[in-house]
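Working notes, beginning with the structure itself.
The values are calculated or read from the model by the stated rules, or taken from the named source; none is laboratory data. Just so it is clear, the model here is predicted, and its values are computed rather than measured. Note: ideal-geometry Cβ built from the backbone for every residue, glycine included; neighbour counts use all protein chains shown. Each accessible area value is taken on the protein alone, full model and side chains, heavy atoms only, with ligands, DNA and RNA left out. Shrake-Rupley method; radii C 1.70, N 1.55, O 1.52, S 1.80 Å.
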Protein chains: 2
Amino acid sequence: MTKDLYSIPDIIMSRLPVYYQHLKKLKESNKTYVSSEELAKLTGFSSSLIRKDLSYFGTFGRKSYGYDIFCLFQQIRIIMGFNYNKKIILIGAGHLGQALAYNKGYIERGYKLTAVFDKNPKLIGLVINDLEIKSISDLENYLSENKVDAAILTVPEAAAQKTADRLVAAGIKAIWSFAEVPIKVPADVLVEEQLINEGLCKLSVKMNQPRINKSEVEEDFDCEQK
Amino acid sequence: MTKDLYSIPDIIMSRLPVYYQHLKKLKESNKTYVSSEELAKLTGFSSSLIRKDLSYFGTFGRKSYGYDIFCLFQQIRIIMGFNYNKKIILIGAGHLGQALAYNKGYIERGYKLTAVFDKNPKLIGLVINDLEIKSISDLENYLSENKVDAAILTVPEAAAQKTADRLVAAGIKAIWSFAEVPIKVPADVLVEEQLINEGLCKLSVKMNQPRINKSEVEEDFDCEQK
DNA sequence: TAGATTGTTAATCGATTAACAATC
DNA sequence: TAGATTGTTAATCGATTAACAATC
């Protein structure tokens, strides 16, 4: 029996992509079941935590067998909304934008990239991954004629807020933003800020731990308040 | 007085990039101080949590003024290790790899991108962002002659593990992996998995909430155990 | 001074773990 | 059957919040 999925806490939601990734991999193996202990080894979460998490989604476990890999995978897809078709557009066809135009992750997550926009006349008209780059001046027109669920924002920092404002004004309710600068939107619009360099930060923090432990920090730093 | 920085919990560490991003922005304004209440509005964290977090790093706050923006910014840079110079290389010059070669985030975080490698003969020799793409067969040779602190892994999924193994064998201790597949490394090697499509997942989950709340889920799904 | 805001403590809240009965 | 492993409860652990004295 499935519990009220609406009540699944954020922290569990944040582990879903990790389960998804590993189950996808497991699905390709010839195994049918996976135990919480095996998932623990793969994910780094404790087996106890995994059993607790999974119990939110229903009862896929069979005592002494483990979890049905395929069922679990399907259910996580449903909770994450991957089984629901969504249209997404890309604003900004610079280096990162182009890489995202070639991203293979859309389909399996239920997204279809339907249009790419840019401001640069040199890019407009070029075709990337079968999509012709449209002029950003056509944005409002396009959105009035096509139902679009979300937009990817990969414009330069300076243009990010203005472009987001245009998207919101044109009715977009979800933005995946790669702008390094935080953007402001009304409360009914979802923004997912993808700090692309966050991984670089985390790596740096971890590489830094041994040095910080030797506490050369205070010496380096002469900005303390008295 | 600064506490033992080594003991800063992961959860606080994970908020550092957010503080960093907002302080960087604030630094450009003409303000000298920012209050925990203002930071709360910007970050979405509670002012109480922010004061608690910041108290770990030292005493930058002045009662009735707030926090010295520049000092706080500097200290967070130190904790994240941005003031320490690191060399990084890029393996895989496909669409995403090229976008990362043009990424402007390295310098301010103390990284310098020093080499780009690829397997594809059509790419080898091309210059992207002033770096000539080298053959992956030169990897070991390059690493034996150059001190490198970290590697960015943007090779296709199928090559990810093997390439990671080569990097580890050649002495690399930190990998920023964009492979969609989890990679295995020895315990003394740091891996930061950047699930590029995680933002897409999060967006999807949030867009899905209203529908899930109407609980069409159980009907959709006929994979339950009996 | 009066108002503002920190730094910190204690209280609360929530998440994780340990343990084990149930059972395949 | 005996061994394995879930699902769940209670105990623990850790993180967040509320509150307020200190003080600029």
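Within chain B, what's the longest stretch lacking GluC sites (Glu not before Pro) that sit in DSSP loops with no more than 15 other Cβ atoms inside 10 Å?
Longest gap between qualifying sites, sites excluded: B:29-215.
For label points placed 7 Å from Cα toward Cβ, what is the shortest-first list of nm distances from A:GLU157 to its copies?
3.4
Positive end of the charge dipole of region A:43-200 (Lys, Arg +1 and Asp, Glu -1 on Cβ, about the Cα centre): tell me which of A:TYR106, A:ASN83, A:ALA169 has its Cα farthest that way.
Final value for the positive-end residue is A:ASN83.
Mind checking the per residue accessible area of region B:5-80 for me, 1.4 Å probe, whole number of Å²?
48 Å²
For region A:119-135, take each phi angle, set θ = phi - 60°, evaluate the Karplus expression 6.51 cos²θ - 1.76 cosθ + 1.60, and give the result in whole Hz per residue in order, putting x for glycine and proline.
Coupling constants for region A:119-135: 8, 6, x, 5, 8, 4, x, 5, 10, 10, 6, 6, 10, 7, 6, 9, 6 Hz.
At A:ILE107, label 7 Å along Cα→Cβ: distances to the other copies, nm, ascending?
4.0
Chain A: which residue's Cβ hugs the A-to-B rotation axis most tightly, distance rounded to whole Å?
Chain A residue with minimal Cβ-axis distance: A:ALA99, 2.
Hey, got a sec? Which chymotrypsin sites (Phe, Trp or Tyr not before Pro) in region B:21-67 land in a DSSP loop and have at most 12 other Cβ atoms within 10 Å?
B:TYR65
To the nearest 20 debye, what is the magnitude of the charge dipole of chain B about its Cα centre, counting +1 on the Cβ of each Lys and Arg and -1 on the Cβ of each Asp and Glu?
Value, rounded to 20: 1060 debye.
How large is the helix-only mean residue ellipticity at 222 nm for the protein assembly as shown, computed as the sum of -39500 (n - 2.57) over DSSP H runs with n ≥ 4, divided by its residue count, in deg cm²/dmol to the nearest 500?
-11500 deg cm²/dmol
Under the rule a/c < 1.5 gives rounded, and otherwise a/b versus b/c splits prolate from oblate, where does chain B land using the Cα gyration tensor?
Cα axes put chain B in the oblate bin.
Carbon-plus-sulfur fraction of the accessible area of chain B, 1.4 Å probe, in percent?
Ligands and nucleic acids excluded, carbon and sulfur reach 52 percent.
Mind checking which of B:ALA179, B:ALA150, B:ALA187 has the largest fluctuation in a GNM of chain B, springs on alpha carbons under 10 Å?
It is B:ALA187.
So, for region B:86-198, what is the accessible surface per residue at a probe of 1.4 Å, expressed in square angstrom?
Per-residue value: 45 Å².
Partner chain Cβ atoms within 10 Å, averaged over the residues of B:15-27 - can you pull that number for me?
Neighbouring Cβ atoms belonging to other protein chains average 3 per residue here.
For the ranges A:112-122, B:97-107, A:71-81, what's the packing order if you count other beta-carbon atoms within 10 Å of each residue, average per peptide, and put the highest first?
A:71-81, B:97-107, A:112-122
Taking amide H positions as placed 1.01 Å from N in the peptide plane, with prolines and chain starts having none, which residues 5 or more places from A:ILE175, or on another chain, fall under 5 Å of its amide H?
HN-HN under 5 Å from A:ILE175: A:ALA151, A:LEU190, A:VAL191, A:GLU192.
For region A:166-208 and region B:61-96, what is the separation of their C-alpha centers, rounded to whole Å?
A separation of 18 Å, based on Cα centres.
Can you tell me the equivalent ellipsoid semi-axes for the protein assembly as shown? Use √(5λ) from the Cα gyration tensor, largest first, whole Å.
After scaling each eigenvalue by five and taking roots: 33, 28, 28 Å.
Placing the label point 7 Å from Cα along the Cα-to-Cβ direction, what are the distances from B:ASN146 to the equivalent spots in the other copies, shortest first, in nm to one decimal?
4.1
Along region B:172-179, what does the Karplus equation 6.51 cos²θ - 1.76 cosθ + 1.60 (θ = phi - 60°) give for ³J(HN,Hα), rounded to whole Hz, x for Gly and Pro?
After applying 6.51 cos²θ - 1.76 cosθ + 1.60, I find 5, 10, 8, 10, 9, 9, 9, 5 Hz.
Under 5 Å between amide hydrogens, which residues at least 5 positions from A:LYS87 or on another chain qualify, with H placed 1.01 Å from N in the peptide plane?
Amide H to amide H, under 5 Å and 5 or more residues apart or across chains, A:LYS87 pairs with A:LYS112, A:ASP149, A:ALA150.
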